[in-house]
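Here's the structure we're looking at; comments come further down.
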Amino acid sequence: MTPFSAGEGSAIDVLIVGAGPAGLTAALYLARYRRKVRVVHDGRSRALWVPRSRNVPGFPDGIAGRDLITRMSDHATRYGAEIVERRVVAIARHEDRTMFHARLEGGGTVNARGLILATGVDTNLAKLDGGDHNAAVRNGVLRYCPICDGFEHSNERIAVLGSDLHGAAEAMFLRQYSSDVTLIPKWQVALTEAQRRELAASGVDVIEGRVLRLEATEDEMLVAIEGETAPRRFDTVYPAFGSTPRSELAAMLDPLTDPKGCIPFSAFSDGLLPGIYAAGDVIEGLDQISVATGQGAMAATRLHNWLREQDGNVMVDQKQSEKATRGET
Ligand SMILES: Cc1cc2nc3c(=O)[nH]c(=O)nc-3n(C[C@H](O)[C@H](O)[C@H](O)COP(=O)(O)OP(=O)(O)OC[C@H]3O[C@@H](n4cnc5c(N)ncnc54)[C@H](O)[C@@H]3O)c2cc1C
């Protein structure tokens, strides 16, 4: 990281890294708090992948993730937020702790008094041997989030790919929607006898052979299993390979993350360090659009109140001040 400099252009109030539901909600709130706020993102919101979400409140007929992001971006910019598409490659805090300094890919810097990290996660993807991955997601034969779209696969033939506890738990979760749920190991089965008994009691079928080939058609997923003559056919397949938090910027500021890179749950409410909050999927918890927007609103309000405190614009009375930082004013 190059040394902190006053940088190009004057400092803004808040830099938000990430233009998904968390970052854009935070931007809207901060813009409406009349803060000078800039969102910097690298165009990789997971929401952009959502073919049609049917669990975002207020959209009973569903909304495509891309449309939601367009609406949220328009909403935030209408109140004055700036949105810039560039990757943030480094972040540091000035030694007097009054300012953050972000370096952007291809050159350029942003200096800000406060920071919100809404950087999301990377989904660990399944590799298809036949058919196009993104088309399979669009057609609903490949899914990544049972909480989001299990309902849409009620009574269908569902397979979960994953041989560990995570896969087993996901398969049992999907039994709420279908009596035809099969757990298929990706490599070797890593389940204990007790876990196998639980799965059997829930009516989840466990296949022992390895997956040899995954092929998506327009309306089915064909899964070739070692030792079987014909591929098995499923209406949809959920890979349960987890996700990787995009927490590298948080790690540059402090050893903030756990070994798996998760940012603690309290980061949207209590902050990570003075002047730094996080929101959305990048922090541990339920990875959902509604959760991300709620955390974005909370992080923005806490940060705004923290900036007011720095400027001496809060009641000196301690209780009042604490109430304000809890967003209760
Ligand atoms: C296929 C699929 C379907 C889904 N369906 C649903 C659904 O129906 N309902 C639901 O509630 N949820 C759904 N989800 C989950 C939902 O998409 C996420 O919970 C939501 O997008 C999280 O919002 P976020 O703002 O935390 O992160 P994201 O939307 O992932 O945004 C992260 C942002 O950070 C930016 N970023 C990260 N690092 C950097 C960097 N170094 N520099 C610049 N920018 C950076 C990215 O470009 C992006 O703009 C689905 C997810 C997937 C993959």
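Taking 0.36 nm per residue of separation and subtracting the current Cα-Cα distance, fully stretching the chain between T229 and R78 would add 48.5 nm. Shown is the FRET efficiency for S10 and W49, computed with R0 = 35 Å from the Cβ-Cβ distance and rounded to the nearest 0.05: 0.45. FRET efficiency for the L165 to L212 pair, using the beta carbon distance and R₀ = 25 Å, is estimated at 0.55. In segment 290-309, which residues have a backbone nitrogen under 16 Å from the label point lying 7 Å from S269's Cα in the Cα-to-Cβ direction? In segment 290-309, the label zone of S269 (backbone N under 16 Å from the point 7 Å along Cα→Cβ) covers 291-303. Calculate the length of the line joining the C-alpha centroid of segment 167-182 to that of segment 227-304, in whole Å. Result: 23 Å between the Cα centres. Here the label points at Q176 and A135, each 7 Å from Cα along the C-beta direction, are separated by 3.3 nm in the simple model. A 1.4 Å probe run over the chain, with the rest of the protein chains in place, finds 49 Å² accessible per residue. DSSP loop GluC sites (Glu not before Pro) in segment 131-173 with at most 16 other Cβ atoms within 10 Å of their Cβ, which ones? Answer in residue order: E156.
If I take every Cα pair under 8 Å that is 6 or more residues apart in segment 125-239, average their sequence separation and divide by the length, what percent do I get for the relative contact order? RCO, segment 125-239: 34 percent. Averaging the sequence gap over all C-alpha pairs within less than 8 Å and six or more residues apart, then dividing by the number of residues, gives the chain a relative contact order of 19 percent.
For the chain, taking a cut-off of 4.7 Å between Cβ atoms, the unpaired cysteines are C262. For L125 and K36, the difference between the fully extended length at 0.36 nm per residue and the C-alpha to C-alpha distance is 28.3 nm.
Of the DSSP H helices in the chain, those with a Cα length along their own long axis of 18 Å or more and a mean Kyte-Doolittle hydropathy reaching -1.0 comprise 289-310. When shorter helices are ignored and each DSSP H run of at least 4 residues is given -39500 (n - 2.57), the per-residue value for the chain at 222 nm works out to -8500 deg cm²/dmol. The length gained on full extension between E309 and R66, counted as 0.36 nm times the residue separation minus their Cα-Cα distance, comes to 83.8 nm.
Rolling a 1.4 Å probe over the protein heavy atoms of the chain, with every protein chain left in place, gives an accessible area that is 49 percent carbon and sulfur.
The values are calculated or read from the model by the stated rules, or taken from the named source; none is laboratory data. Computed from a predicted structure; not experimentally measured. Please note: Cβ atoms are built from the backbone with ideal geometry, for glycine as well, and neighbour counts cover all protein chains shown. Just so you know, the surface numbers come from the protein's heavy atoms only, side chains and all, with ligands and any DNA or RNA stripped out. Shrake-Rupley method; radii C 1.70, N 1.55, O 1.52, S 1.80 Å.
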